[in-house]
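Notes follow once the structure below has been shown.
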Amino acid sequence: TKLHQFLQHLPKCEHHVHLEGCLTPELMFDLAARNGVCLPDTEKRPEFGSPEALYERYEHFTSLDDFLSYYFIGMSVLQQQSDFEALAWEYFQKAYADGVHHAEVFFDPQEHLNRAVPFETVVNGFVAGCRRAETEYGMTTKLIMCFVKHLPASDAQKVFDLAVEGGHFESGALHGIGASSSEVGPPKDMFKEIYATAHSKGIRRTAHAGEEGDPTYIEAALESYKSQRIDHGIRLIDSPQLMEQVARDEILLTVCPVSNVKLRCFDHISKVPIRTFLKAGVKFSINSDDPAYFGGFILHNYCSVQEAFDLSIEEWRTIAENSIHGSWVEQERKLELL
Ligand code: ADE
Ligand code: ZN
């Protein structure tokens, strides 16, 4: 595509990628066999017959919840610390090849805990993958722990307490908190207490909002959670007033254009409000979300946006600079990235 070389070399920061969303069908089948995990019965679910059949099914997600049902089955193959490390390392290799210099990555510990995988197994595995990327590639990385909205808030409180009591925020193993999974349905402020505690401890805060849900979800994340970023945030286009506030307060949106099309938030990538946000001075970064499920990593997202919008070099520089400034990384490192 046009500007492919330029986009490849543009120094990129990724702020919105779920490590469990980097699990390819190939690795899923491999780990299922190695760990003796049963995937769904292929009599009833033929798409679990082969990686090819799964990839085919991934072409037809009907909604966020339809995708999430596959995402939660997929991650059930992760058992050993080395599985988590291998998954993270697979992501960093692809991200590095795509020109990512700094990556802030999400994970969902509650799902693993519910399968009796210890918290430390998950964290130590992912941290090992992060350290390897730092050592071998000179990347900077941050791990952000997400709470999932389809499980009780008390489960989220448990993993937050484990992280705090284990000293994982203090040590720098974990850098922030987020909230993900189903949007419409659960209470908009279900993690209010946790976010308040995190705020008082100086822990960074982001939250998925305004992906399938209306702008009141974004408003709730900003007000009840004091969220410093909004993941997705595309429904901001339905509230010019809130959009103005987000621009003024320099809240970074972590936009995932390919994900939005795959999960039917928009019927075409040209409907993602890239130009609207640029014009309104809303800062955003471009991200991959769940690249193994959506057919491409971060560069695919950059190139798809370019195909649809034909942005100028100047506009791309603005996007790249905003994503560096919006990164949760030391000022010194930002200057290096610029
Ligand atoms: N978990 C993984 N991907 C997600 C998405 N796009 N929205 C909400 N939760 C998620
Ligand atoms: Zn996401």
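The values are calculated or read from the model by the stated rules, or taken from the named source; none is laboratory data. Just so we're clear, the structure is a prediction, and the values are computed from it rather than from any experiment. Here the Cβ is made from the backbone with ideal geometry for all residues, glycine too, and neighbour counts use every protein chain on show. These accessible areas exclude ligands, DNA and RNA; they are computed on the full protein's heavy atoms, side chains included. Shrake-Rupley method; radii C 1.70, N 1.55, O 1.52, S 1.80 Å.
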- [ ] Filter the range 213-236 down to residues that are over 19 Å from residue 285 (Cβ atoms) and open to solvent by less than 50 Å² (accessible area, probe 1.4 Å), then give me how many there are.
- [x] 6
- [ ] Read through the list (1) within 16 Å of ligand 1 (Cβ to nearest atom); (2) outside any loop (DSSP other than H, G, I, E, B), then give the number of the only condition that residue 296 fails.
- [x] (2)
Open item on the list: Looking for something more than 15 Å from ligand 1 (Cβ to nearest atom), in contact with a Lys or Arg (Cβ under 8 Å, 6 or more places away or on another chain), assigned to a loop (DSSP other than H, G, I, E, B) and within 23 Å of residue 103 (Cβ to Cβ) - is there at least one such residue anywhere in the range 145-168?
Closed with: no
Task: the range 210-226 residues that are over 24 Å from residue 200 (Cβ atoms) and without any contact (Cβ under 8 Å) to a residue 40 or more places away in the chain, paired with ones that are in a loop (DSSP other than H, G, I, E, B) and hydrophobic (A, V, I, L, M, F, W, C) (beta carbon under 9 Å, 6 or more apart) - done: 213/184; 214/184
Task: Members of the range 1-32 found to be over 23 Å from residue 141 (Cβ atoms) and either within 16 Å of ligand 2 (Cβ to nearest atom) or of a type in the set (Lys, Arg) (or both), listed by number - done: 2
Open item on the list: Quick check on this structure: which one of 250, 307, 314 is part of a loop (DSSP other than H, G, I, E, B), at pLDDT 95 or above and either buried (at least 24 other Cβ atoms within 10 Å of the Cβ) or of a type in the set (D, E, K, R) (or both)?
Closed with: 250
Task: Odd one out for residue 265, checked against (1) crowded, with 20+ Cβ neighbours inside 10 Å; (2) over 14 Å from the mean Cα position of the chain (by Cα); (3) more than 12 Å from ligand 2 (Cβ to nearest atom) - done: (3)
- [ ] For the range 1-116, please list each of the helices (runs of 4 or more DSSP H) lying entirely inside it that holds at least 1 residues being within 16 Å of ligand 1 (Cβ to nearest atom), surrounded by 15 or more Cβ atoms within 10 Å (Cβ to Cβ) and not β-branched (Val, Ile, Thr).
- [x] 25-35, 51-58, 64-74, 81-97, 109-113
Task: Out of 39, 3, sole residue that is modelled with pLDDT under 95 and in contact with a Phe, Trp or Tyr (Cβ under 8 Å, 6 or more places away or on another chain) - done: 3
Open item on the list: For the range 132-144, give me each residue that is of a type in the set (Val, Ile, Thr) and in contact with a Lys or Arg (Cβ under 9 Å, 6 or more places away or on another chain).
Closed with: 140, 141, 144
Open item on the list: Restricting to the range 204-237, and then to whatever is within 12 Å of ligand 1 (Cβ to nearest atom) and in a helix (DSSP H, G or I), can you tell me which residue is nearest to residue 191 (Cα to Cα)?
Closed with: 217
TODO: Pairs only if they're at least six apart or on different chains, beta carbon under 6 angstrom, first in the range 259-277 and farther than 14 Å from residue 301 by Cβ and among the hydroxyl-bearing types (Ser, Thr, Tyr), second open to solvent by less than 10 Å² (accessible area, probe 1.4 Å) and assigned to a helix (DSSP H, G or I); list them, first residue then second.
DONE: none
Task: Residue within the range 183-206 that is open to solvent by 40 Å² or more (accessible area, probe 1.4 Å), in contact with a Pro (Cβ under 7 Å, 6 or more places away or on another chain), under 26 Å from residue 65 (Cβ atoms) and basic (Lys, Arg) present - done: no
